[in-house]
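Novice: Right, I'll just put the structure down here and ask away after.
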Amino acid sequence: MAQKPGIPKGTRDFSPAEVAKRNYIIAIIRKHFELFGFQPIETPSFENSSTLLGKYGEEGDRLIFKILNSGDFLRKVDDTLYNSKDSAKLTGKISEKALRYDLTVPFARYVVQHQNEIDFPFKRYQIQPVWRADRPQKGRFREFYQCDADVVGSQSLWQEVEFVQLYDTVFAALGLNGVTIKLNNRKVLSGIAEVIGAGDKLIDFTVALDKLDKIGEEGVKKEMLEKGISENAIAKVQPLFRFEGTAGEKLNRLSELLGTSEEGTKGVEELRFICNTIEATGLQSAVLDLDVTLARGLNYYTGAIFEVAAPGVAMGSIGGGGRYDDLTGIFGLKGISGVGISFGLDRIYLVLEELGLFPETVTSSSKALFINFGEAEAYYSVKAIKTLRETGIKVELYPDKAKMKKQMQYADKRNIPFTVLVGEDEMEKGRYTLKNMQTGVQQSVSLEELIRELAAV
């Protein structure tokens, strides 16, 4: 008995209708990436393990999918190491490649490798799948697409301003009005850790703080204590858990709190520039929110941090990013500052679906199906089909000579809005009978009229 087929957890098949909707989102994102001056690149699905490991923190490293070496990968493994069952040490011997975890680190590798071919500042966008060995749940998959835009070679805060505007423009174009663009700065987090006496625990502090919306205030405190952050330090940071007010009010309170930290003060001033500029220029529909608990948990961020939340849907972030001044230095290219953002295609899809924001016209179906009454009629139809396709109209011929009822049902199931009937009478007169599948209305049309009718759909 044949084994029932299946797919790995955290992955999905996509139907034609789903692919059409995904392509609709991608097309809008791509259009605005290019409108803002970003250029496309692509990188391999997998990278050398050394490129990826150590770039995302301890938690991120655990979520990287490793690829076994080709051939007899155990032959060169020492018996003592094999018998020790130490997976961390063994992995390095049997796996030299891994599926990419995100698009940012591969992009940094690309910049270093192609630095002599690139004009800086370099603005690139990339729309490709990534893989994470995460626990699958609603809105969280093991294989998913990221849509990234980054700028490297510029330290100007105008880039951060432009990314806020880019988020606002894309989500407005998708009809997803009222998204919240959360903003913070890694320097502020460093300053907070410094003034509460937990400077040596910065990574543990930010990873725990970033989980506030998932595990709550008590959960964050518990994790901080487990990581060795003192109760006194936690008490000092507690007011940040309920940090409310306008952006200006929050920035003023942060200035007071971080007055003794040079790093923290610099972060506050960077945030002030971004917030003041956005307030002066305005946004179409998004809301910019200063969130001092936002950390995103990734080690490579050094300045601004972004995260986007959808209105009225419990979905987690649908976008995020930040500045990473030191990322290319890991690969030997010093002094190259970068900043970038990502759109979470799969979560954006789920949000648009849940809120009913996909236009009814988003479909991959043909506009018309030519009914097949026989060889002569099919030949007559094919000549018209060729002309229609040359004008960019999607049409098709039912391939088999089947009962007309079956062909009509096929068009109905495919949501094809029109059928075209060609019999002896139509062929003699050089005409076509166009039937509206929704209303049932039929009309006799010339080829030119057929083109006009279908082009208007």
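The values are calculated or read from the model by the stated rules, or taken from the named source; none is laboratory data. The model shown is predicted, which means the values in this text are computed figures rather than measured ones. Virtual Cβ from ideal backbone geometry, glycine too; neighbours counted across all protein chains shown. For accessibility, only protein heavy atoms count, side chains too; no ligands or nucleic acids. Shrake-Rupley method; radii C 1.70, N 1.55, O 1.52, S 1.80 Å.
Novice: Counting only residues that are more than 11 Å from the chain's Cα centre (by Cα), of a type in the set (S, T, N, Q) and at pLDDT 90 or above, which one in region 107-151 is surrounded by the most Cβ atoms within 10 Å (Cβ to Cβ)?
Specialist: Gln115
Novice: Those residues that are of a type outside the set (Val, Ile, Thr) and under 30 Å from Gln155 (Cβ atoms), I need them from region 121-131; list them, please.
Specialist: Result: Pro121, Phe122, Lys123, Arg124, Tyr125, Gln126, Gln128.
Novice: Name the residues in region 92-106 that are modelled with pLDDT of 95 or more and of a type in the set (D, E, K, R), would you?
Specialist: Answer for region 92-106, where residues must be modelled with pLDDT of 95 or more and of a type in the set (D, E, K, R): just Arg100.
Novice: Answer yes or no as to whether Asp325 is closer than 30 Å to His114 by Cβ and in contact (Cβ under 8 Å) with a residue 24 or more places away in the chain.
Specialist: Against the criterion (closer than 30 Å to His114 by Cβ and in contact (Cβ under 8 Å) with a residue 24 or more places away in the chain), Asp325 qualifies.
Novice: Also, quick follow-up: Residue check, Gly440 against (1) free of Cβ contacts under 8 Å to residues at least 60 places away in the same chain; (2) in a loop (DSSP other than H, G, I, E, B); (3) open to solvent by less than 20 Å² (accessible area, probe 1.4 Å), all met but one. Which one?
Specialist: With respect to (1) free of Cβ contacts under 8 Å to residues at least 60 places away in the same chain; (2) in a loop (DSSP other than H, G, I, E, B); (3) open to solvent by less than 20 Å² (accessible area, probe 1.4 Å), Gly440 is out only on (3).
Novice: While we're looking at this one, here's another question. Which one is surrounded by the fewest Cβ atoms within 10 Å (Cβ to Cβ), of the residues in region 23-42 that are touching a strand residue (DSSP E or B) at 6+ places or on another chain (Cβ under 7 Å) and of a type in the set (Val, Ile, Thr)?
Specialist: Out of the qualifying residues, it is Ile26.
Novice: Of a type outside the set (S, T, N, Q) and farther than 24 Å from Met437 by Cα, is that true of Gly320?
Specialist: yes
Novice: Here's something else I'd like to know. Under 6 Å between Cβ atoms, at least 6 apart or on separate chains: pull out the pairs that start in region 1-20 with a residue that is surrounded by 10 or more Cβ atoms within 10 Å (Cβ to Cβ) and end on any residue that is part of a loop (DSSP other than H, G, I, E, B) and of a type in the set (S, T, N, Q).
Specialist: Pairs that qualify, where the first residue is surrounded by 10 or more Cβ atoms within 10 Å (Cβ to Cβ) and the partner is part of a loop (DSSP other than H, G, I, E, B) and of a type in the set (S, T, N, Q), are Pro16/Ser364; Ala20/Thr363; Ala20/Ser364.
Novice: Within region 186-200, is even one residue under 30 Å from Asp119 (Cβ atoms) and either open to solvent by less than 60 Å² (accessible area, probe 1.4 Å) or touching an Asp or Glu at 6+ places or on another chain (Cβ under 8 Å) (or both)?
Specialist: Checked region 186-200: at least one residue is under 30 Å from Asp119 (Cβ atoms) and either open to solvent by less than 60 Å² (accessible area, probe 1.4 Å) or touching an Asp or Glu at 6+ places or on another chain (Cβ under 8 Å) (or both).
Novice: Helices (runs of 4 or more DSSP H) wholly in region 319-432 with at least 2 residues that are aliphatic (A, V, I, L, M) and open to solvent by 50 Å² or more (accessible area, probe 1.4 Å) - which ones?
Specialist: Once the helices (runs of 4 or more DSSP H) in region 319-432 are filtered for at least 2 residues that are aliphatic (A, V, I, L, M) and open to solvent by 50 Å² or more (accessible area, probe 1.4 Å), what remains is 345-355, 375-390.
Novice: Right, something else. Residues in region 224-235: is at least one modelled with pLDDT under 75 and closer than 14 Å to Leu189 by Cβ?
Specialist: Checked against the condition, which is being modelled with pLDDT under 75 and closer than 14 Å to Leu189 by Cβ, region 224-235 yields at least one hit.
Novice: List pairs: first residue in region 419-435 and farther than 12 Å from Glu453 by Cα and without any contact (Cβ under 8 Å) to a residue 12 or more places away in the chain, second residue part of a helix (DSSP H, G or I) and open to solvent by 70 Å² or more (accessible area, probe 1.4 Å) anywhere in the structure, Cβ distance under 7 angstrom, at least six positions apart or on different chains.
Specialist: Listed pairs, sorted by first residue: none to list.
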